[in-house]
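The values are calculated or read from the model by the stated rules, or taken from the named source; none is laboratory data. All of these numbers come straight from a predicted model, not from anything done at the bench. In this analysis, Cβ positions are derived from the backbone assuming ideal geometry, glycine residues included, and neighbour counts consider all displayed protein chains.
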Amino acid sequence: MADPKGFLKNTREVASRRPVDERVGDWNEVYPGGIGRALLPIISVQASRCMDCGIPFCHSGCPLGNIIPEWNDLVWRDDWEGAIERLHATNNFPEFTGRLCPAPCETACVLGINQPAVTIKNIEVSIIDKAFESGFVRPQPPEWLSGRTVAVIGSGPAGLAAAQQLTRAGHTVAVYERADKPGGLLRYGIPEFKMEKKHLDKRLEQMKREGTVFRSGVEVGRGNLTGTALKDRYDAVVIAVGSTVPRDLPVPGRELKGIHQAMEFLPQANRVALGEEVEGQIRADGKHVVIIGGGDTGADCLGTSTRQGATSITQLEIMPQPTEDRPDGQPWPTYPMTYRVSSAHEEGGERVYAVSTKEFLGDDEGNVRALRLVEVSFEGGKLVEHEGTEREIPADLVLFAMGFVGPEQPGLVEQLGVELDERGNIKRDNDYATNVDGVFVAGDAGRGQSLIVWAIAEGRAAAAGVDKFLTGSTRLPAPIPPTARPLVV
């Protein structure tokens, strides 16, 4: 496995990001020339740190079951074509995960027990960027057609993974997307500085050449194309609409102008960054911005507000600040809740932990002007406010980045008559089938809000279930069933 002494000779090294004052002036990725190119000078040495550890826990740490030691070894041996073949064997879209995944594989790395883990995520993105550049990513059209048809509703990572697998299995697949271009949140939810959309477009072009058909600007469940009509038209349907109902904050002053969900703000900013015009765009220029929610979406709002020229940015989190080291209750190889600094956090803004919003305060014209918060802690599982800690902070623009509570039920979900679980997600069995014959579900619509790597894994697994339903058997790889999966990383 790579260099037997690599982990002893070499230390962990990651790519350097562009200077902050340079990158906040544009919407390009934060790495010079793109992360894959920025990493190439150091990546073979980093691959050599992969140990011959006997039991590679990184396999189980990755929801996709990526065969990480094998492609690390191939990179070290300068066999980039072999590396992308092994990587594509388990992951349809490493250009997405290599940029956006929080890398649970690295927290499960055996080397990580007492040293900095192998830079698995960096090696992964280097492999796929090198593969595209070298022409190793080619269309894989099916050798024969089954005569069966499948509709995939939603073109996020789960829908795209299911569609590509089913197309390659020989089925005729159409992907329906209500936005004007395919990609789902990959296109309009993820800022350009985290993933330039050229990477998405290259993969979509490959899928089109393989035979997948994309029908954008079509919202199934609205107008003439009902869920029932779509089910009658196709032999199978895959619901991959995601978890898109945002969590709200019903406190006094919620009705004031200037308070928005993150997914109202981010898609508009993405469109403008890509050269489109957005009438009435929500902008942060010259405003005191408050972001409620300390996760990745909040960081996306932070980076976007910085680039738009906000006067100040404050990101609020109700939980206490995590420690930099693993908490005692989250030992290796579990995914720990530790303090992380994204590229957006490097660029500015203030992070405030253990606070809760009490009220939004407005001016005479009905605009939000401030936010009143209080310090809190969790005691015995209950949220406790600390007396005497209330204070106001200025807020001209408030963005909710508190996650999502399930798929939208009016329209498609209600028309198809699929059952929901107690959390409002669509129920499915171990083949990802719903209670409605021929209807399957993959990704956040069934799992609940989760990670891109889980969405791809579920799309691949659901494709295997659909293939078995249509033909009686399947050769498509199917990761572990949903009933065996944790709901969190």
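For the stretch 39-82, a residue qualifies if it is more than 25 Å from the chain's Cα centre (by Cα) and assigned to a loop (DSSP other than H, G, I, E, B), and the qualifying residues are S48, R49, C50, M51, D52, C53, G54, I55, R77, D78, D79.
Across the stretch 161-181, the qualifying residues are those that are touching a Gly at 6+ places or on another chain (Cβ under 9 Å) and in a loop (DSSP other than H, G, I, E, B), and the one among them that is surrounded by the most Cβ atoms within 10 Å (Cβ to Cβ) is H171. Among the candidates R99, R17, the residue that is in a helix (DSSP H, G or I) and closer than 26 Å to T297 by Cα is uniquely R99.
From the list G253, G184, G221, pick out the single residue that is surrounded by 17 or more Cβ atoms within 10 Å (Cβ to Cβ), of a type outside the set (D, E, K, R) and not assigned by TED's automatic domain parsing to the domain that holds R475. First the steps, then the outcome.
Working: G184 fails: not assigned by TED's automatic domain parsing to the domain that holds R475; G221 fails: not assigned by TED's automatic domain parsing to the domain that holds R475.
Residue meeting the stated conditions: G253.
Selection of first residues in the stretch 388-412 that are touching a residue at least 60 places away in the same chain (Cβ under 8 Å) and of second residues that are small (G, A, S) and surrounded by fewer than 17 Cβ atoms within 10 Å (Cβ to Cβ), restricted to Cβ pairs under 6 Å at least 6 apart or on distinct chains, gives the following pairs, ordered by first then second residue: G406/G424. Restricting A478, A457 to residues that are modelled with pLDDT of 95 or more, more than 20 Å from V413 (Cβ to Cβ) and either assigned by TED's automatic domain parsing to the domain that holds T172 or more than 18 Å from the chain's Cα centre (by Cα) (or both) narrows the list to A457. For the criterion of being in contact with a Cys (Cβ under 9 Å, 6 or more places away or on another chain), of a type outside the set (D, E), closer than 29 Å to L111 by Cα and surrounded by 13 or more Cβ atoms within 10 Å (Cβ to Cβ), P322 fails. Pairs meeting the criteria (first residue in the stretch 341-370 and over 14 Å from D300 (Cβ atoms), second residue among the charged types (D, E, K, R) and surrounded by fewer than 17 Cβ atoms within 10 Å (Cβ to Cβ), beta carbons under 6 Å, at least 6 apart or on different chains) are G366/K257; N367/K257; R369/D363; A370/E392. T244 meets each of the listed conditions (1) hydroxyl-bearing (S, T, Y); (2) crowded, with 22+ Cβ neighbours inside 10 Å; (3) in contact with an Asp or Glu (Cβ under 9 Å, 6 or more places away or on another chain) apart from (2).
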